[in-house]
Amino acid sequence: MPLAPRVLLAEDDDDHAELVMRAMEGLSARSEIVRVTDGEAVLDYLLRRGDFSDVEEEAQPHVVLLDLKLPKIDGLEVLRRIKSSEELRTVPVVVLTTSSDDSDVRSAYELGANSYLVKPIENAQFQSLVVGLGLYWLDLNHPPTPDR
């Protein structure tokens, strides 16, 4: 039996995280959501170090939902480290943030973001965005099998 798709949610705002998790619950593909609240924890999870040293290899996420405004290590730096890592660069990273600033959008794509989405203000629009995102990345997208 295949493992449920895993989402690594990097979000320090509890309300935004709750909206994402509720929207993902309604998808046909039952996904497992791992939430971290800072940029250092994103890298620790992906590289299986610190609090995440016992995470199994199969736990690599199908997609990372990355907020840009994270404590400890900001989202753009996290993205740079993921996409410059030989072992992590194929992990899809979707920037999900409140910033629509063109310099953030441009920087994210230059660093290798797979998508850039701006969080809508309205909860219903936010939920619709996350459902569409989940359907694409968890049901339709076909990622490579990790080499590890």
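The values are calculated or read from the model by the stated rules, or taken from the named source; none is laboratory data. Since the structure is predicted, the reported quantities are computational estimates derived from the model, not experimental observations. Here Cβ is always computed from backbone atoms with ideal geometry, including for glycine, and neighbour counts include all displayed protein chains.
Listed values, structure above:
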quantity	calculated
Checking HIS62 against (1) in contact with a Phe, Trp or Tyr (Cβ under 8 Å, 6 or more places away or on another chain); (2) free of Cβ contacts under 8 Å to residues at least 60 places away in the same chain, the condition it does not meet	(2)
Verdict on LYS72 being modelled with pLDDT of 95 or more, closer than 22 Å to LEU138 by Cα and either crowded, with 20+ Cβ neighbours inside 10 Å or of a type in the set (Lys, Arg) (or both)	no
Check on LEU43, of a type in the set (A, V, I, L, M), more than 17 Å from ARG6 (Cβ to Cβ) and not in a loop (DSSP other than H, G, I, E, B)	no
Single unsatisfied condition, ALA17 versus (1) part of a helix (DSSP H, G or I); (2) farther than 17 Å from LYS119 by Cα; (3) modelled with pLDDT of 85 or more	(2)
Qualifying residue in segment 92-109 (condition: surrounded by 14 or more Cβ atoms within 10 Å (Cβ to Cβ), among the charged types (D, E, K, R) and over 21 Å from TRP137 (Cβ atoms))	no
Complete set of residues in segment 115-130 that are at pLDDT 90 or above, surrounded by 17 or more Cβ atoms within 10 Å (Cβ to Cβ) and of a type outside the set (A, V, I, L, M, F, W, C)	TYR116, LYS119
Test: residue in segment 115-123 that is under 19 Å from ASP14 (Cα atoms), touching a residue at least 60 places away in the same chain (Cβ under 8 Å) and outside any helix (DSSP H, G or I)	yes
Residue pairs meeting the criteria (Cβ under 6 Å; at least 6 apart or on separate chains; first under 25 Å from VAL131 (Cβ atoms), in segment 29-58; second small (Gly, Ala, Ser) and at pLDDT 85 or above)	ARG35/ALA17; VAL36/ALA10; VAL42/ALA10
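So that you can scan it fast, the table gives a plain yes or no per residue for (1) assigned to a loop (DSSP other than H, G, I, E, B); (2) closer than 19 Å to GLY39 by Cα; (3) at pLDDT below 95:
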{"site": "VAL78", "(1), (2), (3)": "no, yes, no"}
{"site": "ARG81", "(1), (2), (3)": "no, yes, no"}
{"site": "VAL94", "(1), (2), (3)": "no, yes, no"}
{"site": "SER103", "(1), (2), (3)": "no, no, no"}
{"site": "GLY132", "(1), (2), (3)": "no, no, yes"}
